[in-house]
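Here the structure comes first, spelled out in structure tokens, and everything after it is commentary.
The values are calculated or read from the model by the stated rules, or taken from the named source; none is laboratory data. Nothing here was measured: the structure is a model prediction, and the numbers come from that model. Backbone-built Cβ (ideal geometry, glycine too); neighbour counts: all protein chains shown. Ligands, DNA and RNA are excluded from the accessible area calculation, which covers all protein heavy atoms including side chains. Shrake-Rupley method; radii C 1.70, N 1.55, O 1.52, S 1.80 Å.
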Amino acid sequence: MKRLIILTLTALCVTMAVSAQSSLHIGRLFTQLQGNPDASVTCIRGGALKDYKLNLFYSVVVEDNDGLSGQIEAALAKDARKALDREVQYRGGRLHYAFYVLGKTAEGLNRYILFSGGRRTVLIYLEGRADRSVINSFLKK
Amino acid sequence: MDNNNNEKYLHRLIELYFDGMTSLDEERQLRRLLADGRFRSAEAEEARAVMCVAVGLSPTCSRKPRRLPAFGRVAAAAVAAVAVVSAGLYFGSGEKTLPVSKGQECYAYVGTELVRDPEVVMEIMQAQLAEMSEVADDFSRDIENTILTIKYTEQ
């Protein structure tokens, strides 16, 4: 009985650590906003991203909708707390640009969030083997 | 259906699966055929790896179930308890992980319109990355200008 309790507690701790690592608040948006007339959602997973050394590309774009933009920024703010590295710029009191590096997934994949705010809000989530220099190479000239 | 037809059907299902076009029933049939173990083509092995299907679950398998040793029973009970809690965390939290499904996906919703053409979807992705690249460049320039301003101020 004692062995069962110890094993269960150990496994629970590991599960919660993994769960905390992989769950993202922005994740919900990528499914909720599919088909929303004011949003565009793009999902690419697999071989098509090989040249970018990525496994997953998710994006949501919202234009002229303060409500949806606010939801995106609120979700992003929660996930940003877990960021290991960041580049952030505010304009007029609102988040204008952000680049967050998150902790790796359980499979050892790197994770990044990109954000551009304003009248047109763009949120991009990237996951894959690409390191920071690869991401910078197709973001910054 | 004979073995040859089954294998052709299996490859067709694998193709549909990686295109994200299998129904639930077809996916079940695919898992059953992959678990069979008779089909060992490269495509079948890849699908097994992606779908985490273990060979040896064939109904023709004649191994008798063995009773687990005591530690194994304890471990199995612990794993079951964790699985229940994990399911609770996942479904109960309201904050899901990113949608995880095996295989390839390539689609875009532009407003209410669903786009499945991979070329168009890739163009959308590239346009969004280019847009983000411009904003990132502006950010870099602002940082450089700020640093230069500080330098000149200090002189």
Here the residues within segment B:82-135 that are under 20 Å from B:M21 (Cα atoms), more than 7 Å from every other protein chain (Cβ to nearest Cβ) and at pLDDT below 55 are B:V100, B:S101
Residue among A:Y112, A:Y125 that alone is among the hydroxyl-bearing types (S, T, Y), in contact (Cβ under 8 Å) with a residue 24 or more places away in the chain, within 16 Å of A:L56 (Cα to Cα) and open to solvent by less than 50 Å² (accessible area, probe 1.4 Å): A:Y125
In segment A:75-141, which strands (runs of 3 or more DSSP E) lie fully inside it and hold 2 or more residues that are within 9 Å of chain B (Cβ to nearest Cβ) and among the charged types (D, E, K, R)? A:120-128
Please work out which one of (1) in contact with a Pro (Cβ under 9 Å, 6 or more places away or on another chain); (2) at pLDDT 95 or above is the condition A:V60 fails and give its number. (1)
Look through A:Y58, A:Y90, A:Y97 and report the one residue that is open to solvent by 10 Å² or more (accessible area, probe 1.4 Å) and either among the aromatic types (F, W, Y) or touching a Leu at 6+ places or on another chain (Cβ under 7 Å) (or both). A:Y90
